[in-house]
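This report refers to the structure that appears directly beneath it.
What follows draws every value from the coordinates through simple rules; no lab data is involved. Just so it is clear, the structure is predicted and the values come from calculations on it, not from any experiment. All Cβ positions, even for glycine, are placed from backbone atoms using ideal geometry, and neighbour counts span all protein chains on display.
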Amino acid sequence: MSTFAPEWLSLREKADAEARALDLVDRLREIDLNRDPLVVRDLGCGTGSLGRWLAGRLGGPQHWVLHDRDPRLLSIAAATVSGVTIETHEGDVTGLTGADLAGTSLVTASALLDLLTREEVEGLVGACADAGCPALFTLSVAGRVEFDPAEPADAEFEAAFNAHQRRVVDGRRLLGPDSVAVAVEAFERRGAEVTTSPSPWRLGADQAALAGEWLRGWVAAAVEQEPGLAAEAPDYLRRKLENGPRVVVHHTDLLAVPR
Ligand SMILES: C[S@@+](CC[C@H](N)C(=O)[O-])C[C@H]1O[C@@H](n2cnc3c(N)ncnc32)[C@H](O)[C@@H]1O
């Protein structure tokens, strides 16, 4: 099982907050959600970044059910998502069924879909559809990055990174940049109205720590996938770090509403 350091989640929280697609939240506020109280389930909640961003925007009394398989992250989330009542569930979200989601007003996830397989995403979509609840799945990787300045080597590192995102881990083929397309198709098959919206990180001098950390991880993953890049990676990385780096990392948010 891969683990996510709370320090990494904390480092990205501001960029995530600035990237999230507000138009989808506006659309969500127009929907007649069951608000007695509003019950939100955050799947793969990590330290609760999405709850800290979304709860105030949804307004009214809320009960958040936080799901994660990492007990350390869950306990941070439970202690730091405020203004709502909280319940935590430790475990694998990919086994959730429609019956498990009964009574939920809204299912959310952030930076989760791309870590799952096609079967797992289709299973979660089926659970949401069976429970008849809307789903807001945010910040899934789109597989595109834009550096400023760009250079020819960007394309080969990007291709290797995307292949790494789609790798097989413990017999599971991860979706990486294909996760949103798979989710859209699955929701539409179940008759939902689906809207997607871009949610790019725009990293520059004011996010230098995140940009540097992200870039090191991005290059390391590319090299792990394509060992032939190892020779040029140190110079490539040094050039990028000298430049800031300035980069747009594309993500996609998705809102699915049962018709
Ligand atoms: C990239 S982090 C995102 C955390 C948080 N949603 C955020 O936006 O900061 C992915 C989270 O999903 C959790 N996770 C991944 N796969 C999971 C699974 N199958 N079941 C439960 N939690 C999972 C990880 O433990 C981690 O907390």
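Numerical summary
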item	result
Pairwise label distance in nanometres, T3 with E224, each label 7 Å out on the Cα-Cβ vector	1.5
Gaussian network model of the chain, Cα within-10 Å springs - most flexible of T138, T47, T80	T80
Amide hydrogen neighbours beyond the local backbone of R69, cut-off 5 Å, H modeled	G91
Using alpha carbons only: equivalent-ellipsoid semi-axes of the range 117-170, gyration tensor based, whole Å	33, 15, 5
Computed [θ] at 222 nm, helices only, for the chain once each DSSP H run of length n ≥ 4 contributes -39500 (n - 2.57)	-13000 deg cm²/dmol
Spacing of the two label points (7 Å from each Cα toward its C-beta) at E119 and D148, in nm	4.4
Convex hull (Cα only) mean projected area of the range 108-209, reported in nm² to one decimal	8.0
Within the chain: Cβ-based charge dipole about Cα centre, in debye rounded to nearest 20 (Lys, Arg +1; Asp, Glu -1)	320
Cα radius of gyration and Dmax for the range 215-259 (Å)	16.0, 53
Charge context of W64, other residues only, Cβ under 14 angstrom, K/R +1, D/E -1	+1
Stokes-Einstein diffusion coefficient of the range 39-128, Kirkwood radius over Cα pairs, 4 °C, 1.567 mPa s, in µm²/s	99
Whole-Å semi-axes of the ellipsoid equivalent to the chain (Cα gyration tensor, √5λ, descending)	32, 19, 17
Using θ = phi - 60° and Karplus 6.51 cos²θ - 1.76 cosθ + 1.60, couplings along the range 19-34 (whole Hz; Gly, Pro as x)	8, 4, 7, 5, 4, 6, 5, 4, 4, 4, 5, 7, 7, 7, 7, 5
Alpha-carbon gyration tensor eigenvalues x 5, square-rooted, for the range 153-259, Å	31, 19, 9
Share of alpha-carbon pairs per 10 Å distance bin for the range 1-87, given as whole %	17, 48, 30, 5
Cα-based Rg / Dmax (Å) for the range 1-154	15.9, 55
Estimated FRET transfer efficiency (D32, S82; beta-carbon r; R0 41 Å; 0.05)	0.95
Taking the convex hull of Cα positions in the range 94-140, its mean projected area over all directions (nm²)	2.8
